[in-house]
Amino acid sequence: MSMKMFSVIKREFVSRVRSKGFIIGTAILPLLMVVLLIVPILLSTLNSEKERKFVIIDYSNQVFSPLVAVLDDTTKEGKPMYTLLKKETELTGYQKLKSGLAQQVLDGDISGYMVIPKDVLADDSSMSRKKVMFYAKNVSNFNLMRTLETAVSEVVRTIRLQKSGFDPVTVKRLTRGVRLETFKVAMSGEEKKDQGFTFGVTYALVMILYMAMLLYGATITRSVVEEKNTRVIEMIVSSVKPFQLMTGKILGVGAVGLLQFLIWAVFMLLVSAYRVQVGQIFGAGPATMMGVPSLPLNVILFFVLFFVLGFLFFSTMYAAVGAMVNSDQEAQQMQMPVIVFLIVPIIMIVYIIGNPDSTVAVILSMIPFFSPIIMFMRVSVLMPPVWEVALSILILILSILAMIWLTGKIYRVGILMYGKRPTLPELIKWIRYS
């Protein structure tokens with residue numbers, strides 16, 4: 001590496017690392033991870049339920065009392081969480097009572113009211129569920145709605161069974177379902193419990209990989225366009241060869257991205273290793289935090305590897321785009337073909353994660369335009385044969401070298417060209433001229 005290229009790398013690296021954008025961007029992901037990890041735990045440990053008062057209009061005259069017994073939860077202070085008040089009325093007085101209860105709901109005197117129809121316990125031939133109406137100012141509290149629905153369903157089911165001569169406890173015991181616990185079998189034969197953790201982590205890391213290559217690649221395009229517009233590029237190429245300038249830009253910006261990723265990787269490993277201690281700081285018990293699986297080291301290593309290779313591959317194309325255009329508006333249009341190659345793996349993310357060893361997944365993971373993201377998906381979910389991973393990486397490295405050679409020819413001519421965008425025949429002339 002020549003001193004001139006090193007100077008370009010140093011300039012690109014130092015100017016970006018010292019920027020506020022880099023510092024803020026580096027801090028955002030760890031903070032976001034802490035929030036996503038800790039907030040659900042805090043919410044699960046905090047008793048945010050408040051005391052609620054409901055009016056029950058029970059036309060069946062059999063549901064109210066058992067319902068009170070079922071909804072016997074209490075707050076931390078030992079007070080009833082649900083207070084149920086029974087209202088009785090003839091059918092002819094329903095509308096009048098309903099308007100009065102609606103006003104009480106709006107005034108905040110009651111949290112809501114429930115209407116249980118007379119035929120709710122009927123044992124008819126219809127398999128459709130009976131409807132119980134609930135009215136409240138806010139019906140978007142899905143936990144509360146599910147609690148009420150479950151409680152009423154349990155009471156109605158129990159009464160029906162008793163009327164039919166069955167013991168509800170025995171029926172419940174005999175008809176209880178099973179819970180499917182999933183375990184991931186590693187290459188070593190070790191079995192690890194996995195309740196969807198692999199899918200969630202892979203999905204999140206793939207999105208980070210996609211955004212990083214997209215944003216850092218666009219950074220190279222903007223840098224080239226800015227230097228062309230300010231004519232700084234003309235002074236730079238007088239002392240630095242165009243190929244050295246392009247390579248220096250790519251490596252400099254890539255080093256910034258790699259540094260950022262390494263910081264994130266170290267943070268993720270520390271949080272994963274000390275998740276129990278981190279949870280205790282925020283009031284979560286050891287048992288709760290031990291339920292959060294640790295992040296495998298090999299996933300982080302492949303994450304960094306495919307970022308580096310993917311960035312080098314796509315950044316050369318972004319550099320070529322910057323050399324061909326004269327403004328940010330033109331750059332956005334010319335970047336679309338490159339962005340499409342990044343979007344395709346995102347579109348197929350659910351399929352690839354669900355079928356990592358399918359023929360489609362194997363083929364796409366060998367195509368350099370898709371392999372940085374798709375092979376990482378496969379490695380994270382189900383480790384492919386070593387030869388497939390090695391072949392994918394080899395093809396990607398050879399493609400990077402070919403792309404650098406091709407882009408270098410476009411870059412050499414394009415950075416000094418102004419005016420209209422080049423057509424395809426003109427691009428071919430640039431390559432031949434170089």
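Of the residues making up the stretch 119-177, those that are more than 30 Å from Gln103 (Cβ to Cβ) and among the acidic types (Asp, Glu) number 4.
Only a single criterion out of (1) loosely packed, with under 11 Cβ neighbours inside 10 Å; (2) at pLDDT below 85; (3) not aromatic (Phe, Trp, Tyr) is not satisfied by Thr170, namely (2).
Look at Val237 and say whether it is at pLDDT below 80 and more than 28 Å from the chain's Cα centre (by Cα). Yes; evaluated as a whole, the condition is true for this residue.
Among the residues making up the stretch 164-183, those that are in a helix (DSSP H, G or I) and among the basic types (Lys, Arg) are Lys172, Arg173.
Test Leu85 against the stated conditions and say whether it is out of contact with any Lys or Arg (no Cβ under 6 Å at 6 or more places or on another chain) and not in a helix (DSSP H, G or I). Here the answer is yes, as Leu85 does meet what is asked. Of the helices (runs of 4 or more DSSP H) contained entirely in the stretch 345-396, those carrying at least 3 residues that are within 15 Å of Phe306 (Cα to Cα) fall at 371-381. One residue stands out in the stretch 4-37 among those that are of a type in the set (A, V, I, L, M), over 15 Å from Phe267 (Cα atoms) and surrounded by 14 or more Cβ atoms within 10 Å (Cβ to Cβ): the one that is modelled with the highest pLDDT, namely Val17. Inside the stretch 390-412, can you point out the residues that are surrounded by fewer than 18 Cβ atoms within 10 Å (Cβ to Cβ) and within 30 Å of the chain's Cα centre (by Cα)? If the condition is that a residue be surrounded by fewer than 18 Cβ atoms within 10 Å (Cβ to Cβ) and within 30 Å of the chain's Cα centre (by Cα), then Ala390, Leu391, Ile393, Leu394, Ile395, Ile397 are the ones that fit. Each residue in the stretch 136-162 was checked for being surrounded by fewer than 16 Cβ atoms within 10 Å (Cβ to Cβ) and in contact with a Gly (Cβ under 9 Å, 6 or more places away or on another chain), and 3 of them qualify.
I'm checking my understanding of the structure. Among residues of the stretch 1-30 that are among the β-branched types (Val, Ile, Thr) and free of Cβ contacts under 8 Å to residues at least 40 places away in the same chain, which one is nearest to Ser239 (Cα to Cα)? Within the stretch 1-30, the match that is nearest to Ser239 (Cα to Cα) is Val14.
The values are calculated or read from the model by the stated rules, or taken from the named source; none is laboratory data. The shown structure was predicted, so the numbers you read here are calculated from the model rather than taken from an experiment. No Cβ is skipped: glycine too gets one built from the backbone with ideal geometry, and neighbour counts run over all protein chains shown.
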